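A.B. asks: Before I ask anything, let me first share the structure, which is written out below as structure tokens.
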Amino acid sequence: MATREGNEQSVIHRRVPPLLTDLYQFTMAYAYWRARRHNEPAVFELFFRDNPFGGGFSLFAGLSDCLLFLQNFTFSDDDVEYLRSVLPADTDAAFFTYLKELDCSGVCVSAVPEGSVVFARVPLLEVSGPLAVVQLLETSLLCLVNYASLVCSNAARFRLAAGPRRRLMEMGLRRAQGPDGGLTASRYSYIGGFDLTSNALAGRMFGIPVAGTMAHSYVTSFSSLEEVWPQTLVPCGGDGPIDFICLVKGWLGRVCQLLGSKPNLIREGELAAFLSYAIAYPQNFLPVIDSYSVSCGLLCFCAVALGLDELQYRPLGVRLDSGDLCRQSLEVRRVFKECSKQFSVPQFESLLIVGTNSVSEQSLSELNKKDNEIDVVGVGTHLVTCTRQPSLGCVYKLIEVRGRPRMKFSEDLEKSTLPGRKSVYRLLDTDAHPLMDLVCLSEEPAPKAGVSLNCFPLGLDKTVQSITPAHVASLRLDVFSRGQITFPLNSASESRERAQISLQTLHPHHRRLQEPHNYTVALSERLHSLVSDITKGNGKGSNFLLSN
């Protein structure tokens, strides 16, 4: 694990150096520095405005990457020289000296734990420190959280659509938005609930189980049994080599007779491909069987698999990659059961059937409504590209400077921000289902279980609501202080476990994929009062231009 954590730190520093940000972060930092405001204490918070995919929840992801980024935040001499070349020529040279000495030793962060279920408008990260420094962090932190949380939430929806029994495999690397997008998708799809990945590098870096056998190109590369080499296979027990081609030919005749199929319909190249792969990996035989037709591919598979079984090996199953997966899986399972009964091979009944054919959340939900025998579903494009919604839309907004609350106003009320440092609590019912997230000012006492309180749900204007929680949980933890990570970094499997537990706590009407109930996020009375006071003050305007 230590080696894996070291690898992650190195990778984060390469993927997300401090220069991976917008240029205006540096122009603002310079203006702060010129005005001698760069060291003023400031606080920003990161949140999103709407739950993704028309759903009722999101999963928070990317925290570990954020913390590693902060811990390694320094500008190299080359970074500073590049900035000197692109910033206006009249930029004071002393500013570049300041940048060379910059780090996150004065930064503190509190955050919701990675893998937690979260909701729109709830602050996920609170970042405090010197004004210029925490301003410079904005773009990088948003980059690390936005896609990670989006694809993790997308994966969770696929997991819910698939149900608990069916295994899910992420196989979207070739369709992802670049290498980094592919690697990020593999990690956070796993945290969101996928079981496997095809991405070998993700397996190495994050400890995700990997899987994969063959593509159509492997099958179509063969045309003759003469291409199979070696042609023999040593039984699992270790006796002398057996002529595997001859053995499988015998089984092929028996399978064709059982199923009433004509042997002359078999493609020699397909059989050769299966034979060659089975000889190479007799314990990992799971071919794609629809390179030409499922019926012919299935005959070849059964013959080779029965040959492996005779030599005491255990074939794994088949993959279907086109057509009506449900109908085909039923036919494949029927043939497996017939072979199991006729040839006394009980393990044939439990052979895996993998389905991979441009699977979307909708098609996965529809698959569950039909009879089928699919054990594993592979998902690529619609998972990693998040085709239904391209961005989560996280924002990073200033909420306090020099101990004074700050608030952004907008004609679009949804874009107005909430001022001041905050604490966030999850109020639970007697069954431990979340009822509401309550956003309070940080100096307020925490709500107490069994004690009634008044609050103002967001989006309901001035409507006050009274609620008595059965349980209360604080959502955020201190995770970074004075340049050091203060909370153990979770592995991908640990974050995955938290995500699945967190999802199960949701009430079904919040968790469902279609037309979920809106989850309530509310302001405490004191925070609501502060928002009202600042709003009224802003409406009065200022007479500073008329003052002496």
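A.B. asks: Condition test on Y281, is it in contact with a helix residue (DSSP H, G or I) (Cβ under 9 Å, 6 or more places away or on another chain) and of a type in the set (F, W, Y)?
C.D. replies: Criteria not met by Y281.
A.B. asks: Looking for whichever is among the acidic types (D, E) and without any contact (Cβ under 8 Å) to a residue 24 or more places away in the chain here; the options are E170, E114, E126, E81. Which one fits?
C.D. replies: After ruling out the rest, the residue left standing is E81.
A.B. asks: Please verify whether K397 is open to solvent by 20 Å² or more (accessible area, probe 1.4 Å) and either under 30 Å from N199 (Cβ atoms) or in a strand (DSSP E or B) (or both), treating the condition exactly as stated.
C.D. replies: yes
A.B. asks: For the list (1) part of a helix (DSSP H, G or I); (2) within 30 Å of M169 (Cα to Cα), I need the number of the one condition that F222 fails.
C.D. replies: (1)
A.B. asks: How about the range 163-183: which of its residues are within 30 Å of P508 (Cα to Cα), assigned to a loop (DSSP other than H, G, I, E, B) and within 15 Å of the chain's Cα centre (by Cα)?
C.D. replies: M171, G172
A.B. asks: Just for the range 468-498: of the residues that are assigned to a strand (DSSP E or B) and aliphatic (A, V, I, L, M), which one is farthest from T74 (Cα to Cα)?
C.D. replies: V472
A.B. asks: Look through the range 337-372, keep the residues that are more than 18 Å from L299 (Cα to Cα) and among the acidic types (D, E), and return whichever of them is modelled with the lowest pLDDT.
C.D. replies: Among those that are more than 18 Å from L299 (Cα to Cα) and among the acidic types (D, E), it is E366.
Per-residue answers, yes or no, for (1) open to solvent by less than 60 Å² (accessible area, probe 1.4 Å); (2) in a loop (DSSP other than H, G, I, E, B); (3) among the polar types (S, T, N, Q):
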site: L70; (1), (2), (3): yes, no, no
site: T74; (1), (2), (3): no, yes, yes
site: L83; (1), (2), (3): yes, no, no
site: P88; (1), (2), (3): no, yes, no
site: T91; (1), (2), (3): yes, yes, yes
site: T97; (1), (2), (3): no, no, yes
site: C104; (1), (2), (3): yes, yes, no
site: S110; (1), (2), (3): yes, no, yes
site: P113; (1), (2), (3): yes, yes, no
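A.B. asks: Can you tell me which residues in the range 118-165 are charged (D, E, K, R) and within 29 Å of A35 (Cα to Cα)?
C.D. replies: Of everything in the range 118-165, those that are charged (D, E, K, R) and within 29 Å of A35 (Cα to Cα) turn out to be E126, E138.
A.B. asks: In this structure, does L275 turn out to be open to solvent by less than 20 Å² (accessible area, probe 1.4 Å) and over 16 Å from E338 (Cα atoms)?
C.D. replies: It is true that L275 is open to solvent by less than 20 Å² (accessible area, probe 1.4 Å) and over 16 Å from E338 (Cα atoms).
A.B. asks: Do you know which residues across the range 185-240 are among the hydroxyl-bearing types (S, T, Y) and either free of Cβ contacts under 8 Å to residues at least 12 places away in the same chain or open to solvent by less than 20 Å² (accessible area, probe 1.4 Å) (or both)?
C.D. replies: S186, Y188, S189, T197, S217 - these are the residues of the range 185-240 that are among the hydroxyl-bearing types (S, T, Y) and either free of Cβ contacts under 8 Å to residues at least 12 places away in the same chain or open to solvent by less than 20 Å² (accessible area, probe 1.4 Å) (or both).
A.B. asks: A follow-up question, please. Quick one: in the range 321-341, which of the residues that are open to solvent by 20 Å² or more (accessible area, probe 1.4 Å) and either touching a Pro at 6+ places or on another chain (Cβ under 6 Å) or touching a residue at least 60 places away in the same chain (Cβ under 8 Å) (or both) is farthest from V255 (Cα to Cα)?
C.D. replies: My answer is D321.
A.B. asks: Quickly run through the range 290-348 and pick out the residues that are basic (K, R) and either more than 37 Å from the chain's Cα centre (by Cα) or in a helix (DSSP H, G or I) (or both).
C.D. replies: Correct list: R327, R333, R334, K337, K341.
A.B. asks: Another question, if that's okay. If L364 passes every condition in (1) under 19 Å from the mean Cα position of the chain (by Cα); (2) touching a residue at least 40 places away in the same chain (Cβ under 8 Å); (3) closer than 30 Å to S140 by Cβ but one, which one does it miss?
C.D. replies: (3)
A.B. asks: Next question. Scan the range 349-394 for residues that are of a type in the set (D, E, K, R), within 18 Å of Q328 (Cβ to Cβ) and surrounded by fewer than 16 Cβ atoms within 10 Å (Cβ to Cβ) and jot them down.
C.D. replies: Matches in the range 349-394: E349, E366, K369, K370, D371.
A.B. asks: Give V255, V304, V318, V288 a once-over and let me know the one that is among the hydrophobic types (A, V, I, L, M, F, W, C), crowded, with 19+ Cβ neighbours inside 10 Å and farther than 19 Å from S340 by Cα.
C.D. replies: Just a single option satisfies the conditions, and that option is V288.
A.B. asks: In the range 243-275, which residue that is polar (S, T, N, Q) and part of a helix (DSSP H, G or I) is modelled with the highest pLDDT?
C.D. replies: Result: Q257.
A.B. asks: OK, next. Report the residue count in the range 120-134 for those that are buried (at least 23 other Cβ atoms within 10 Å of the Cβ) and within 18 Å of P52 (Cβ to Cβ).
C.D. replies: Looking only at that region, the number is 4.
A.B. asks: Now, a different point. Could you identify the single residue in G541, G450 that is open to solvent by less than 70 Å² (accessible area, probe 1.4 Å) and modelled with pLDDT under 95?
C.D. replies: Every option except G541 fails the conditions.
A.B. asks: Can I ask one more? Across the range 492-524, what is the total count of residues that are of a type outside the set (F, W, Y), surrounded by 15 or more Cβ atoms within 10 Å (Cβ to Cβ) and either modelled with pLDDT under 95 or under 19 Å from L458 (Cα atoms) (or both)?
C.D. replies: The qualifying residues number 7.
The values are calculated or read from the model by the stated rules, or taken from the named source; none is laboratory data. For clarity, every value in this text was computed on a predicted model and none was experimentally measured. Positions of Cβ are backbone-derived with ideal geometry, glycine not excepted, and every protein chain shown enters the neighbour counts. With ligands, DNA and RNA removed, areas are computed over all heavy atoms of the protein, side chains included. Shrake-Rupley method; radii C 1.70, N 1.55, O 1.52, S 1.80 Å.
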